[in-house]
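Shown next, in C-alpha coordinates, is the structure this report addresses.
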Amino acid sequence: MIRRRHVLLLGAAAALAPIMPVLAQGGRTLTPEEQQLINEINTHNSAIRTMVGRFLQIDTNGGRTEGTFFLERPDKIRFRYNPPSREEIVSVGRGFYVLNRQDETYYAYPQDSIPLRQFLGDQINLLNANVIDVTTSDGYMAITVVDETVAGTVQVSLIFDVETKDLAQWSLVEPSGAELTFSLYDVEKGVEIPRSYFSIPATYKGVDPSTRR
(Lines give C-alpha, C1' and ligand atoms only; values in the text may rest on other atoms or scores of the structure.)
Protein backbone atom coordinates (compact mmCIF):
# COMPACT_ATOMS: atom_id res chain seq x y z
CA MET A 1 0.00 0.00 0.00
CA ILE A 2 1.04 3.64 -0.41
CA ARG A 3 3.33 4.83 2.34
CA ARG A 4 1.30 6.96 4.75
CA ARG A 5 3.61 9.95 4.34
CA HIS A 6 2.89 10.06 0.62
CA VAL A 7 -0.88 9.82 1.02
CA LEU A 8 -0.90 12.69 3.50
CA LEU A 9 1.41 14.86 1.44
CA LEU A 10 -0.83 14.46 -1.56
CA GLY A 11 -3.85 15.20 0.55
CA ALA A 12 -2.47 18.67 0.66
CA ALA A 13 -4.46 19.70 -2.20
CA ALA A 14 -7.21 17.72 -0.83
CA ALA A 15 -10.24 18.11 -2.13
CA LEU A 16 -11.38 20.63 -4.00
CA ALA A 17 -14.55 18.55 -4.89
CA PRO A 18 -18.66 20.50 -4.29
CA ILE A 19 -20.17 22.57 -1.34
CA MET A 20 -22.31 25.64 -0.99
CA PRO A 21 -20.65 28.54 0.87
CA VAL A 22 -21.77 26.94 4.13
CA LEU A 23 -19.32 25.00 6.21
CA ALA A 24 -19.87 21.26 6.25
CA GLN A 25 -21.07 19.26 9.26
CA GLY A 26 -23.51 21.89 10.45
CA GLY A 27 -21.02 24.74 10.48
CA ARG A 28 -21.68 28.46 10.01
CA THR A 29 -22.25 30.29 6.76
CA LEU A 30 -19.18 31.89 5.27
CA THR A 31 -19.19 35.67 5.45
CA PRO A 32 -19.16 37.69 2.19
CA GLU A 33 -15.61 38.78 3.03
CA GLU A 34 -14.49 35.17 3.45
CA GLN A 35 -16.16 34.14 0.22
CA GLN A 36 -14.51 37.03 -1.62
CA LEU A 37 -11.06 36.19 -0.26
CA ILE A 38 -11.45 32.51 -1.11
CA ASN A 39 -12.54 33.43 -4.64
CA GLU A 40 -9.44 35.62 -4.95
CA ILE A 41 -7.29 32.72 -3.72
CA ASN A 42 -8.95 30.45 -6.30
CA THR A 43 -8.31 32.89 -9.14
CA HIS A 44 -4.73 33.63 -8.12
CA ASN A 45 -3.67 30.01 -7.76
CA SER A 46 -5.51 28.85 -10.90
CA ALA A 47 -3.49 31.40 -12.86
CA ILE A 48 -0.18 29.88 -11.73
CA ARG A 49 0.77 27.53 -14.55
CA THR A 50 4.24 26.54 -13.34
CA MET A 51 5.87 26.76 -9.94
CA VAL A 52 9.10 25.45 -8.41
CA GLY A 53 10.54 25.71 -4.94
CA ARG A 54 11.64 23.96 -1.80
CA PHE A 55 9.59 22.25 0.88
CA LEU A 56 10.04 21.35 4.53
CA GLN A 57 7.99 18.46 5.87
CA ILE A 58 7.60 17.98 9.64
CA ASP A 59 5.90 14.87 11.02
CA THR A 60 4.04 14.40 14.26
CA ASN A 61 7.24 13.32 16.05
CA GLY A 62 9.19 16.39 14.93
CA GLY A 63 11.03 14.58 12.16
CA ARG A 64 12.11 16.96 9.39
CA THR A 65 12.45 16.14 5.70
CA GLU A 66 13.34 18.62 2.96
CA GLY A 67 13.25 18.57 -0.79
CA THR A 68 12.29 20.36 -3.98
CA PHE A 69 9.06 20.42 -5.96
CA PHE A 70 8.07 21.21 -9.54
CA LEU A 71 4.47 21.90 -10.58
CA GLU A 72 2.97 22.43 -14.03
CA ARG A 73 -0.74 22.72 -14.68
CA PRO A 74 -2.57 20.73 -15.70
CA ASP A 75 -1.83 17.44 -13.96
CA LYS A 76 1.94 17.45 -13.48
CA ILE A 77 3.95 17.61 -10.25
CA ARG A 78 7.18 16.19 -8.84
CA PHE A 79 8.31 16.08 -5.19
CA ARG A 80 11.97 15.14 -4.81
CA TYR A 81 13.13 14.32 -1.28
CA ASN A 82 16.71 15.23 -0.37
CA PRO A 83 19.18 12.46 0.58
CA PRO A 84 19.33 10.23 2.50
CA SER A 85 15.79 9.64 1.16
CA ARG A 86 15.80 7.82 -2.16
CA GLU A 87 12.25 8.63 -3.14
CA GLU A 88 10.32 10.95 -5.41
CA ILE A 89 6.60 11.45 -5.94
CA VAL A 90 5.54 12.14 -9.52
CA SER A 91 2.21 12.80 -11.21
CA VAL A 92 2.40 12.84 -15.01
CA GLY A 93 -1.27 13.29 -15.86
CA ARG A 94 -2.13 9.63 -16.36
CA GLY A 95 -1.13 8.26 -12.97
CA PHE A 96 0.64 8.81 -9.66
CA TYR A 97 4.04 7.24 -9.04
CA VAL A 98 6.38 6.74 -6.09
CA LEU A 99 9.91 6.32 -7.42
CA ASN A 100 12.92 4.77 -5.69
CA ARG A 101 16.06 6.35 -7.13
CA GLN A 102 18.39 3.69 -5.73
CA ASP A 103 16.49 0.60 -6.87
CA GLU A 104 15.19 2.28 -10.06
CA THR A 105 11.69 1.03 -9.35
CA TYR A 106 8.29 2.69 -9.09
CA TYR A 107 4.84 2.04 -7.68
CA ALA A 108 1.93 3.28 -9.81
CA TYR A 109 -1.53 4.36 -8.64
CA PRO A 110 -4.58 5.63 -10.54
CA GLN A 111 -4.65 9.41 -10.98
CA ASP A 112 -8.27 9.64 -9.89
CA SER A 113 -7.55 7.97 -6.54
CA ILE A 114 -5.27 10.78 -5.30
CA PRO A 115 -6.74 14.03 -3.90
CA LEU A 116 -3.91 16.04 -5.42
CA ARG A 117 -5.51 15.67 -8.85
CA GLN A 118 -7.92 18.55 -8.13
CA PHE A 119 -5.10 20.94 -7.21
CA LEU A 120 -3.31 20.11 -10.44
CA GLY A 121 -6.28 20.90 -12.67
CA ASP A 122 -6.77 23.97 -14.81
CA GLN A 123 -9.05 25.61 -12.22
CA ILE A 124 -9.10 25.55 -8.41
CA ASN A 125 -12.36 26.15 -6.54
CA LEU A 126 -12.09 25.82 -2.77
CA LEU A 127 -15.75 26.76 -2.41
CA ASN A 128 -16.42 23.38 -4.00
CA ALA A 129 -14.51 21.51 -1.30
CA ASN A 130 -15.80 19.86 1.85
CA VAL A 131 -14.84 22.84 4.03
CA ILE A 132 -15.35 22.44 7.79
CA ASP A 133 -13.60 25.58 9.07
CA VAL A 134 -12.20 28.92 7.89
CA THR A 135 -10.08 31.16 10.13
CA THR A 136 -8.03 34.32 9.48
CA SER A 137 -5.17 35.39 11.76
CA ASP A 138 -1.88 37.30 11.50
CA GLY A 139 -2.22 37.83 7.75
CA TYR A 140 -3.03 34.22 6.89
CA MET A 141 -6.27 32.40 6.06
CA ALA A 142 -6.58 28.74 7.01
CA ILE A 143 -9.16 26.72 5.08
CA THR A 144 -9.76 23.32 6.64
CA VAL A 145 -11.29 20.57 4.55
CA VAL A 146 -11.90 16.86 5.00
CA ASP A 147 -11.42 14.34 2.24
CA GLU A 148 -11.68 10.60 1.74
CA THR A 149 -8.33 9.22 0.57
CA VAL A 150 -6.89 5.75 0.11
CA ALA A 151 -5.67 6.02 3.73
CA GLY A 152 -9.11 6.96 5.11
CA THR A 153 -10.58 10.31 6.15
CA VAL A 154 -7.93 13.03 6.20
CA GLN A 155 -8.32 16.59 7.54
CA VAL A 156 -6.28 19.20 5.73
CA SER A 157 -5.72 22.85 6.69
CA LEU A 158 -4.56 24.86 3.69
CA ILE A 159 -2.88 28.11 4.79
CA PHE A 160 -2.70 31.06 2.40
CA ASP A 161 -1.02 34.44 2.69
CA VAL A 162 -3.90 36.94 2.71
CA GLU A 163 -1.89 39.60 0.87
CA THR A 164 -0.24 37.52 -1.85
CA LYS A 165 -2.91 34.75 -1.98
CA ASP A 166 -0.08 32.20 -2.20
CA LEU A 167 -0.24 28.80 -0.54
CA ALA A 168 2.30 28.97 2.28
CA GLN A 169 1.70 25.77 4.24
CA TRP A 170 -0.65 22.93 4.85
CA SER A 171 -1.21 20.75 7.91
CA LEU A 172 -2.77 17.31 7.74
CA VAL A 173 -4.35 15.10 10.37
CA GLU A 174 -4.58 11.45 9.45
CA PRO A 175 -7.22 9.01 10.74
CA SER A 176 -4.95 7.97 13.64
CA GLY A 177 -4.60 11.59 14.79
CA ALA A 178 -0.98 11.93 13.69
CA GLU A 179 -0.14 15.25 12.02
CA LEU A 180 2.06 16.32 9.15
CA THR A 181 3.00 19.91 8.27
CA PHE A 182 4.33 20.85 4.86
CA SER A 183 5.79 24.36 4.25
CA LEU A 184 6.85 25.95 0.96
CA TYR A 185 9.70 28.43 0.53
CA ASP A 186 11.98 29.88 -2.16
CA VAL A 187 9.05 29.57 -4.57
CA GLU A 188 9.36 30.81 -8.15
CA LYS A 189 6.44 31.04 -10.59
CA GLY A 190 6.31 31.04 -14.36
CA VAL A 191 9.48 28.97 -14.63
CA GLU A 192 10.09 26.76 -17.63
CA ILE A 193 10.39 23.17 -16.41
CA PRO A 194 12.08 20.50 -18.57
CA ARG A 195 9.63 17.92 -19.88
CA SER A 196 11.83 15.12 -18.51
CA TYR A 197 10.93 16.17 -14.95
CA PHE A 198 7.42 14.78 -15.50
CA SER A 199 8.35 11.39 -16.91
CA ILE A 200 9.38 8.00 -15.59
CA PRO A 201 12.92 6.97 -16.67
CA ALA A 202 12.87 4.07 -19.12
CA THR A 203 15.27 2.12 -16.89
CA TYR A 204 12.81 2.09 -13.96
CA LYS A 205 10.69 -1.02 -13.44
CA GLY A 206 7.14 -1.06 -12.11
CA VAL A 207 6.34 -2.92 -8.89
CA ASP A 208 2.94 -4.11 -7.67
CA PRO A 209 1.86 -1.66 -4.86
CA SER A 210 0.18 -4.50 -2.94
CA THR A 211 3.61 -6.00 -2.26
CA ARG A 212 4.85 -2.85 -0.55
CA ARG A 213 5.15 -2.82 3.23
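The values are calculated or read from the model by the stated rules, or taken from the named source; none is laboratory data. Note that the structure is a prediction, hence the values are computed from the model and not measured. Because the Cβ atoms are built from the backbone with ideal geometry, glycine has one as well, and the counts that use them run over all protein chains shown.
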Inset, instruction - Please verify whether segment 80-87 includes one or more residues that are at pLDDT below 90 and within 14 Å of the chain's Cα centre (by Cα). - result: no
- Hey, does segment 30-38 have a residue that's buried (at least 19 other Cβ atoms within 10 Å of the Cβ) and modelled with pLDDT under 90? yes
Within segment 163-180, residues being buried (at least 16 other Cβ atoms within 10 Å of the Cβ), more than 14 Å from N42 (Cβ to Cβ) and in contact (Cβ under 8 Å) with a residue 40 or more places away in the chain number 5
The condition from (1) of a type outside the set (S, T, N, Q); (2) within 22 Å of L180 (Cα to Cα); (3) surrounded by 13 or more Cβ atoms within 10 Å (Cβ to Cβ); (4) at pLDDT below 95 that G62 misses is numbered (3)
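To keep it simple, each residue is scored yes or no on (1) of a type in the set (S, T, Y); (2) at pLDDT 85 or above; (3) part of a loop (DSSP other than H, G, I, E, B); (4) touching a strand residue (DSSP E or B) at 6+ places or on another chain (Cβ under 6 Å).
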{"site": "Q57", "(1), (2), (3), (4)": "no, yes, no, yes"}
{"site": "E66", "(1), (2), (3), (4)": "no, yes, no, yes"}
{"site": "I77", "(1), (2), (3), (4)": "no, yes, no, yes"}
{"site": "I89", "(1), (2), (3), (4)": "no, yes, no, yes"}
{"site": "D112", "(1), (2), (3), (4)": "no, no, no, no"}
{"site": "Q118", "(1), (2), (3), (4)": "no, no, no, no"}
{"site": "Q123", "(1), (2), (3), (4)": "no, yes, yes, no"}
Going through segment 137-162 in order, the residues found to be more than 25 Å from G93 (Cα to Cα), touching a residue at least 60 places away in the same chain (Cβ under 8 Å) and either out of contact with any helix residue (DSSP H, G or I) (no Cβ under 8 Å at 6 or more places or on another chain) or assigned to a loop (DSSP other than H, G, I, E, B) (or both) are V162
Q. Can we say V134 is in a strand (DSSP E or B), in contact with a helix residue (DSSP H, G or I) (Cβ under 8 Å, 6 or more places away or on another chain), over 25 Å from R49 (Cβ atoms) and at pLDDT 90 or above?
A. yes
Taking segment 166-190 and keeping residues of a type in the set (D, E, K, R) and modelled with pLDDT under 85 leaves E174
